[in-house]
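To start, the structure under review is shown below, and the notes come after it.
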Amino acid sequence: MKGFAMLGIGKLGWIEKEQPKCGPMDAIVKPIAVSPCTSDVHTVWEGAIGERSNMILGHEAVGEVVEVGELVKDFKPGDRVIVPAITPDWSALESQAGYSMHSGGMLAGWKFSNFKDGVFAEYFHVNDADGNLAILPEEIDPTAAVMLSDMVPTGFHGVELADIQFGDSVCVIGIGPVGLMSVAGAALRGASNLYAVGSRPVCVQVAKEYGATDIIDYHDGDIAEQIMEKTHGKGVDKVIVAGGDENTFIQAIKMLKPGGKIGNVNYLGSGDYIKIPRVEWGCGMSHKSIAGGLMPGGRLRMEKLASLVESKRLDPSKLITHTFHGFEQVEKSLLLMKDKPRDLIKPVVII
């Protein structure tokens with residue numbers, strides 16, 4: 001089969017590989033629609049997870065099942081399915097402890113384009129099919145459904161990590177596709193004043209549509225200072241970090257009230273340490289907490305998020321600004337994600 005791969009750090013190309021083999025609990029899927037991710041950019045051009053050779057990229061897809069193992073009960077060839085970016089081993093002890101995304105080791109629930117070939121291929125392998133696939137509802141367009149693989153669950157996990165409650169004032173740092181889903185999730189969770197940090201007009205417009213009450217443009221000065229001014233020196237109850245770098249936590253801590261929570265879902269692709277300002281962290285005693293987490297994967301998560309789309313509580317199609325047709329367009333879409341033109345939020349490739 002053909003696939004689009006990371007040949008090494010900073011190197012990409014089309015390669016030929018054998019089709020993956022299907023284990024007794026697994027499935028083989030062919031993609032219907034896929035989307036590149038900023039994580040792919042970090043992986044290839046920053047070497048964020050280390051050297052990878054001839055590894056097929058991609059972890060966001062909806063597809064059609066072509067083969068299932070003999071122990072798979074709930075799926076069959078021909079089923080159209082949503083495939084989560086994180087596909088845990090559900091019998092692992094870490095899964096039983098409530099951290100399925102770390103089954104088998106830290107971040108090991110993230111298998112596609114990390115430990116095994118990803119979805120930018122003519123066929124791809126899904127472990128533990130009954131636990132990791134979800135039927136794609138007929139009412140949901142496959143193009144929009146791709147956003148359920150990663151963007152929606154990751155953005156919403158930032159909301160969960162920050163523990164947003166009714167009436168909380170919230171700042172979302174970074175309004176790329178994940179941050180926009182954090183804005184949408186925070187609004188659904190009952191945030192009151194909802195500050196979105198970003199500047200690209202297309203992202204600003206969609207952030208407002210998803211419920212942002214204020215836009216903070218970092219070009220206008222330090223974002224923490226802007227937040228403190230808007231909140232009359234009080235700060236916000238919760239912060240979601242969905243963009244930035246290892247220095248972003250300085251501003252997040254500064255704008256957070258004592259007792260507040262930071263939920264980080266940003267993939268920190270470079271730097272050895274994050275920086276926390278000592279004084280603003282109350283010399284370590286401010287009860288300002290930071291929780292960083294990889295999104296939960298699995299079937300139940302996909303089914304619940306799909307129900308939000310079916311019930312029209314959430315419209316993830318607003319994230320999609322560029323649509324390509326044909327498997328060969330995967331390369332173009334990934335390079336677009338790397339370059340990030342001002343009119344881009346998220347590209348999708350229809351296979």
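Numbers at a glance
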| read-out | value |
| --- | --- |
| Count - residues of segment 12-40 that are farther than 15 Å from Glu331 by Cα and β-branched (Val, Ile, Thr) | 3 |
| Close pairs (6 angstrom Cβ cut-off, 6 or more residues apart or separate chains): more than 16 Å from Met147 (Cα to Cα) in segment 71-89, among the hydrophobic types (A, V, I, L, M, F, W, C) and assigned to a loop (DSSP other than H, G, I, E, B) anywhere | Leu71/Met25; Phe75/Leu133 |
| Any chance Lys275 is in the same structural domain as Leu133 (by TED's automatic domain parsing) and either crowded, with 18+ Cβ neighbours inside 10 Å or over 18 Å from Ala162 (Cα atoms) (or both) | no |
| Residues (part of a loop (DSSP other than H, G, I, E, B) and either of a type in the set (Ser, Thr, Tyr) or under 14 Å from Lys208 (Cα atoms) (or both)) located in segment 164-190 | Ser169, Gly174, Ile175, Gly176 |
| Qualifying residue in segment 152-163 (condition: assigned to a loop (DSSP other than H, G, I, E, B), over 20 Å from the mean Cα position of the chain (by Cα) and more than 13 Å from Pro296 (Cα to Cα)) | no |
| Criterion (in contact with a Cys (Cβ under 8 Å, 6 or more places away or on another chain) and of a type in the set (D, E, K, R)) met by exactly one of Asp128, Asp150 | Asp150 |
| Exclusive hit being within 23 Å of Val44 (Cβ to Cβ), part of a loop (DSSP other than H, G, I, E, B) and modelled with pLDDT of 95 or more, set Leu268, Leu294, Leu314 | Leu294 |
| Scan of segment 328-344 for residues that are under 18 Å from Ala61 (Cα atoms) and of a type in the set (D, E, K, R), ordered by number | Glu328, Glu331, Lys332 |
| Residues that are at pLDDT 95 or above and polar (S, T, N, Q), drawn from segment 20-53 | Ser35 |
| Search result, residues across segment 39-91 that are in a helix (DSSP H, G or I) and under 19 Å from Glu122 (Cβ atoms) | Asp40 |
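Residues are listed down the side, and each one gets a yes or a no for (1) of a type in the set (Val, Ile, Thr); (2) crowded, with 24+ Cβ neighbours inside 10 Å; (3) within 13 Å of Asp237 (Cβ to Cβ):
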| site | (1), (2), (3) |
| --- | --- |
| Asp168 | no, no, yes |
| Cys171 | no, yes, yes |
| Gly185 | no, yes, no |
| Leu188 | no, no, no |
| Tyr195 | no, yes, yes |
| Val204 | yes, no, no |
| Glu209 | no, no, no |
| Ala212 | no, yes, no |
| His219 | no, no, no |
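For every residue, the table says whether it meets (1) hydrophobic (A, V, I, L, M, F, W, C); (2) in the same structural domain as Lys73 (by TED's automatic domain parsing).
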{"residue": "Ala134", "(1), (2)": "yes, yes"}
{"residue": "Val159", "(1), (2)": "yes, no"}
{"residue": "Ala162", "(1), (2)": "yes, no"}
{"residue": "Gln165", "(1), (2)": "no, no"}
{"residue": "Gly174", "(1), (2)": "no, no"}
{"residue": "Gly185", "(1), (2)": "no, no"}
{"residue": "Leu188", "(1), (2)": "yes, no"}
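The values are calculated or read from the model by the stated rules, or taken from the named source; none is laboratory data. All values derive from a computational prediction rather than experimental measurement. Neighbour counts are summed over all protein chains in view; Cβ atoms, including those assigned to glycine, are modelled from backbone coordinates with ideal geometry.
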